[in-house]
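See below for the structure under consideration.
The values are calculated or read from the model by the stated rules, or taken from the named source; none is laboratory data. As the structure is a computational prediction, the values presented were derived from the model and not from experiment. Positions of Cβ are generated from backbone atoms using ideal geometry, with glycine treated the same way; all protein chains shown enter the neighbour counts. These area figures cover heavy atoms from the full protein model, side chains too; ligands, DNA and RNA do not enter into them. Shrake-Rupley method; radii C 1.70, N 1.55, O 1.52, S 1.80 Å.
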Amino acid sequence: MDTQPSTSLFPILMTSMRRAYRRPFQYILFVLGVALGVAMMVSVDLANGSATKAFELSTDAITGRATHRLVSGPGGIDEELYVQLRRELGYTNSAPLVDGFVNIPELGDQPFRLLGVDPFAEPPFRSYFGNQEGTGRFDQGALATFLSEPNSLFVLGSLADESGIPLGGTITLDRAGELTTVTVAGLLDPQDESNQRALEGIVFADISTAQEILRMDGKLSTIDLIIEDEADFAAIEAILPTGVRLENTAASSNAIQQMTAAFELNLTALSLLALLVGMFLIYNTVTFSVVQRRPMFAILRCLGVTGGQLFQLILVEAVILSLVGSLIGLVLGVLLGRGLIGLITQTINSFYFVVNVRSVIVDPLSLVKGVTFGVAAALIASFFPALEAYRTTPGSGLRRSTLEGKVENLLPRLVIAWAILCAIGAGLLALPGRNLILAFAGLFAILIGFALVTPPVTVWLMRAAVRPMDGLFGAIGRMAPRDINRSLSRTSVAIAALMTAVSVIVGVSIMIGSFRGTVVEWLNQTLRADIYISPTSATANRVEGSLNPSVVDDLVTWDGVDGASTARVVQVFSPQFDREITLAGVNGDISRGSRPYAWLPSGWDHDDVWDALATGDGIIVSEPLVLREELRYPPEPIMLETNNGPKEFPVVAVMYDYSSDQGMIWMGSDTYQTEWDDMEISTVALFVDPGTDPDTMVDAMRTEFNGRQDLVINSNRSLRETSIEIFDQTFAITSALRLLATIVAFIGVLSALMSLQLERSRELGVLRATGMTLRQMWKLSFLETGLMGLVAGLLAIPTGFVLAWVLIYVINVRSFGWTLQMDLQPAYFLQALAVALVAALLAAIYPSFKLGQMIIASAIRSD
Amino acid sequence: MIDPKDSKLTNKAIMTNKKIVRFENLKKGFQEGDRVRHVLDGVSVGFEEGKFTALLGPSGSGKSTLLNLACGIEEPDGGDVYIKETAITQMTDHDRTLFRRDNIGFVFQFFNLIPTLTTLENIILPQELAGKRRRDIEPAAVDLLDKVGLADRRDTFPDRLSGGEQQRVAICRALAHDPWLVLADEPTGNLDSKTGVIVMDLLLQLTSEAGKTLIMATHSPQVTTLADRVFRVQGGTLVEDKSVIDSDTEQDEEHHLAEVLAP
């Protein structure tokens, strides 16, 4: 019987440990490569997850055990319906809710959800007022105060304690700039952590207080229901007035979360890019460790170690090091996540939904995912070097020249691989539909393709560089490009890593620059009014609440005002799309005819469109709505749930709009008021008389309304500035991730240079012995790295351009539905060259410094 | 004192001096674990101009270390190296490099050609590093290549050359800049005996023709019969071995070469 001899990896692992002890730098770089890649992935995952979790928790906290809820349009539900439900139907499994956002300056700068509840109806739904032991610091007396005293509030105990607000103390609620002082009647202290977290963003008032603060007299936001019996559906639906609908709670919160899916996927893709660059670094380090140990491996093979054992050794090393790297990456990721969460929350609050996130929720699944990706990336990157180790034959003791010969043979195949990957990438991107994952797969295929074509391009460029470099720098100039080609297995990986990172910088910079340019142009065309007034809001880019009618009257009749356009911005339900859409009821165009349209009926112009709006003959929809809902041109009429039941509105124009990726609808204000019975005004835009200074008028208005309602009054210029500020904040996270990818690439180059320096120490020793001065050696090092940086920078230009094209015309359109004008400026490409060169030259400093310390005789002696 | 910035010593100057390479109380040790192994322990010796000196001794005795100290690529723990009357041990690393580049040629056991440079480029490298123009230095290098029989391989990269050919190129490199001191560390140690003869023949011929001072570390007792002086490195000191020289003084060196080195 054939028996497998028992073998132990332990003795060879010992050699690895000794090597790690004697030459820690390479191992540190490996660990760093994994750690940074994992850190980026985990941080984005945790920040995304924390925002989602915070949203889920607050939604769950509010939904409680409700299975369904009654909802209505922006005006809310008449509270009589609740009475009817209880009295006529005797349906006790129901609870009224008044819901809105407020700012509470005393509790920090995050928005809070003010929930008006009826404590007696609450027990079947939510148990915060159960007064069970440990649920809070309040008694029946406090509950009585809560119910009988106007402006009483229950808040989370720990939050009040943190802010130094005692039971019975007062805090200020800021609702759309209108301030109300309220008393803290009770402190809630839920025992379990998720409830504790959920309540971090919620304050409770009784129904009438909430109605008063949120200006919803006689109205409820929703009526929560627990429906267990199918028969109840029919009974409830029978008494529902038009405009009120029965909604499944799980489905609606899911729909809200879906809003951020594309945004989160974009961030995840960016973080994966960092891991990809990290993989280059790992590959580089492992290849080097194999090549350097080849003579030892050959000896081990002579002594009876099998090729399989060497293969295992490399992979075991990779697993151990990547585990260490991943664990460090997790710690870094959590720390980084804390930084990112603020940026992500800001974007979600600006563009999607209001969420109050106070801390990173460390989800064990994210951590497991991070470690798995870290180890997997290391194993994939180590596979080929491990295969090289496996192929070591006892007699060969292969040297670098053999490996370089193999790389040389690979070059034509790499060009073919590039062509194939680009074709696959283009194919994936050209697939119809809005699948983002396929689009990112296409993008990654193209990026990897360009990384693979780096070695052949490097060889070609370096061959071409020998003569001019010789002319410029003499012998040293001649040596630099030849050295790069001679160590291609090492240099090309470093160049590819740097090229990938720099192309990401170029691509993302062009995308952001084009996006910014498009938005600035759009703002210029759209914002033509001189002064804009809105109530203060819990978050940027979002209008909550409305302006006091007396304030609106004063504004539009202000001396020197030539014209005004008002808008009511609300969320309305579309049965056609089964979701809520932002609708603006407007009475005039703030662009005064200068805005561009993505589509107009043939023969129509701007005036025709706005006339149709004013007469109630049609609505305008935004381009993202058309793309998101995959509408065809000309768009079909859109069905919206009005207070008078579902109604179809013909579309008379499609407008470019960059304020929301969820889509938006504009409707004449008369139609809106009729259909939704809502007379409130959210924002006012004023055109001032020629000759009147808008800034002076803004100051006068601020003085006039100080104390009446806290308003955001912006001149045209400051509104544009604010809008661009929001834009820049939104992209702050992208910039942060871009920077991290560069750091990973920088370490890649540093690692490659260190490897080269170690490998070439003997040759460099000979050069020094032959008369090369230290300064000349520095020059050689910097010429080599400068050339490497230059190649990376040059290659990053076409790669970055392709990346930008895909981001702008495919990813962005599929993710957000925005058409952007690509804005190519030489600065982006010069930046690519500069970044690549500077990163490469910086990376040369430490290896060159180490070279300076070289003892020439030892270097010549070393094998 | 020699100004290292103008560090080229003329052969004329050398010929007028006797012991122009001088070690004074030279000490060198290497750390091995927690103890220091003293390889050279107070070596004081002088080498005459235009002569061939052989250093004999077993592996690890300190022959190579002595050569490394002589050209300044290693620093002693104590004592000084004087070349002409200049203590190169007192120079900065930069000045020592310039001095070495201009005045010393080195032939290594393992050839140590720069793989990214062609044969000719390898030979003119020290001069190019010194800022000399290629067209000025190429003819002499080509001439040397011709002498070693490799004129047709001037544009070949080292990996295409055999061991013997590589060492012939290395000899050309050591001589191209017309140094007055040539150091050779077991130059035939990595070659088969037949090739070793040819290479050694060339080295001795070229150095003696040009009147160079040659100090060579070697294992080969036969080579020592051709030397003007022979030293044995033993116990950290240099001991002159006159026995080999005395027995051969009357013989014709050139005629003897092939015989003594023949396999």
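Annotations for the structure displayed:
- A:L758/A:R18 FRET efficiency (R0 25 Å; Cβ-Cβ; nearest 0.05): 0.95
- Averaged per residue, region A:74-242 has 42 square angstrom of accessible surface, using a 1.4 angstrom probe with ligands and nucleic acids left out.
- Within region A:463-492, the residues that become at least 30 Å² less accessible when every protein chain is included than when their own chain is isolated (1.4 Å probe; DNA, RNA and ligands ignored) are A:A475, A:R478, A:M479, A:R482, A:R486.
- In region A:403-546 the Cα-Cα distances spread across 5 Å bins starting at 0 as 2, 8, 10, 12, 13, 11, 9, 8, 7, 6, 4, 4, 3, 2, 0, 0 percent of all pairs.
- P(r) tail, region A:74-242: Cα-Cα pairs separated by more than 19 Å, 56% of all pairs.
- Accessible surface ranking that places the most exposed of A:D670, A:D224 first, with a 1.4 angstrom probe: A:D670, A:D224
- Computed from the C-beta positions of B:D155 and A:Q729, the FRET efficiency with R₀ = 45 Å rounds to 0.15.
- In this view, the solvent-accessible surface of A:I437, computed with a 1.4 Å probe and all protein chains in place, comes to about 110 Å².
- With an a/c value of 1.5 or above and a/b not larger than b/c for the gyration tensor axes a ≥ b ≥ c computed over the alpha-carbon atoms, region A:537-607 is described as oblate.
- Annotation: A:D553 carries an accessible surface of approximately 90 Å², with a 1.4 Å probe and no ligand, DNA or RNA atoms counted.
- Per-residue HN-Hα couplings for region A:210-226 [Karplus 6.51, -1.76, 1.60; θ = phi - 60°; Hz; x = Gly/Pro]: 4, 4, 5, 5, 8, 6, 10, 3, x, 10, 10, 6, 8, 10, 7, 9, 10
- Fraction of accessible area attributable to carbon and sulfur, region A:270-398 (%, probe 1.4 Å): 75 percent
- Of all accessible heavy-atom area on region B:10-261, the percent that carbon and sulfur account for (1.4 Å): 46 percent
- Cα gyration tensor shape of region A:671-716, rounded if a/c is under 1.5, else prolate or oblate by comparing a/b with b/c: oblate
- Toward the positive end of the charge dipole of region A:74-242, with +1 on the Cβ of Lys and Arg and -1 on the Cβ of Asp and Glu, the farthest Cα among A:V83, A:I207, A:G177 is that of A:G177.
- Of the residues B:L204, A:F288, A:P241, the one whose Cα sits farthest toward the positive end of the charge dipole of the protein assembly as shown, with +1 on the Cβ of Lys and Arg and -1 on the Cβ of Asp and Glu, is B:L204.
- Label-point separation, A:T172 to A:K219 (7 Å along Cα→Cβ), nm: 2.6 nm
- Förster radius 45 Å - calculated FRET efficiency between A:Q673 and A:D695, Cβ distance, rounded to 0.05: 0.85
- Beta bridge orientation in the protein assembly as shown: antiparallel %, DSSP, nearest 5: 70 percent
- Across region A:69-80, rounded Karplus estimates of 3J(HN,Hα) from the backbone phi angles (6.51 cos²θ - 1.76 cosθ + 1.60, θ = phi - 60°) give 8, 9, 10, 9, x, x, x, x, 9, 4, 5, 4 Hz, Gly and Pro being marked x.
- With viscosity 1.567 mPa s and temperature 4 °C, the Kirkwood radius over alpha carbon pairs of region B:10-261 converts through Stokes-Einstein to a diffusion coefficient of 69 µm²/s.
- Diffusion coefficient (Stokes-Einstein, Kirkwood radius over C-alpha pairs, 20 °C, 1.002 mPa s) for the protein assembly as shown: 60 µm²/s, rounded to a whole number.
- Placing +1 on the Cβ of every Lys and Arg and -1 on the Cβ of every Asp and Glu, with nothing else charged, gives region A:548-708 a dipole about its Cα centre of roughly 320 debye.
- Surface analysis of region B:10-261 yields an accessible area of 42 Å² per residue, using protein heavy atoms and a 1.4 Å probe.
- Extension gain, A:R245-A:E721: 0.36 nm per intervening residue step, less the Cα-Cα distance, totals 167.3 nm.
- Rough spin-label spacing in nm, given labels placed 7 Å along Cα→Cβ, for A:A261 and A:E230: 2.9 nm
- Net length available on complete extension from A:R434 to A:R592 is 53.4 nm, with 0.36 nm assigned per residue and the Cα-Cα distance removed.
- The convex hull built on the alpha-carbon positions of region A:548-708 has an orientation-averaged projected area of 10.3 nm².
- Each of A:L758, A:L711 has its accessible area taken with a 1.4 Å probe; listed largest first, they run A:L758, A:L711.
- Here the gap between A:V319 and A:A417, fully extended at 0.36 nm per residue and compared with their Cα-Cα distance, gives a gain of 32.4 nm.
- Exposed loop sites are taken as GluC sites (Glu not before Pro) in a DSSP loop (any state but H, G, I, E or B) with at most 12 other beta carbon atoms within 10 Å; the longest stretch of chain A without one runs A:229-629.
- Inter-centroid distance (Cα atoms) of region A:445-483 relative to region A:173-237, Å: 67 Å
- Within the protein assembly as shown: Cβ-based charge dipole about Cα centre, in debye rounded to nearest 20 (Lys, Arg +1; Asp, Glu -1): 6880 debye
- Per-selection Kirkwood Rh - region A:164-292 (Cα, Å, 1 d.p.): 21.1 Å
- Accessible-area composition of region A:1-117, carbon plus sulfur, in percent [1.4 Å probe]: 55 percent
- Backbone N within region B:156-186 under 19 Å of label point (7 Å from B:K194 Cα along the Cβ vector): B:161-168
- Taken over the C-alpha atoms, region A:208-353 has Rg and Dmax values of 29.5, 91 angstrom.
- Heavy-atom accessible area ranking, 1.4 Å probe, most first, across B:H38, B:H177: B:H38, B:H177
- Minimum 30 Å² accessible area buried by the other protein chains, region B:113-137 residues, probe 1.4 Å, relative to alone: B:I114, B:P115, B:T116, B:L117, B:E121, B:L125, B:E128, B:L129
- For the pair region A:507-582 and region A:28-99, the centres of their Cα atoms are 26 angstrom apart.
- This model, with +1 at the C-beta of Lys and Arg and -1 at the C-beta of Asp and Glu, gives region B:10-261 a dipole about its Cα centre of some 540 debye.
- Label-to-label distance, B:D201 versus A:D607, with points set 7 angstrom from Cα along the beta-carbon direction: 10.8 nm.
- Accessible surface buried upon B-A contact (total; probe 1.4 Å; Å², nearest 100): 2300 Å²
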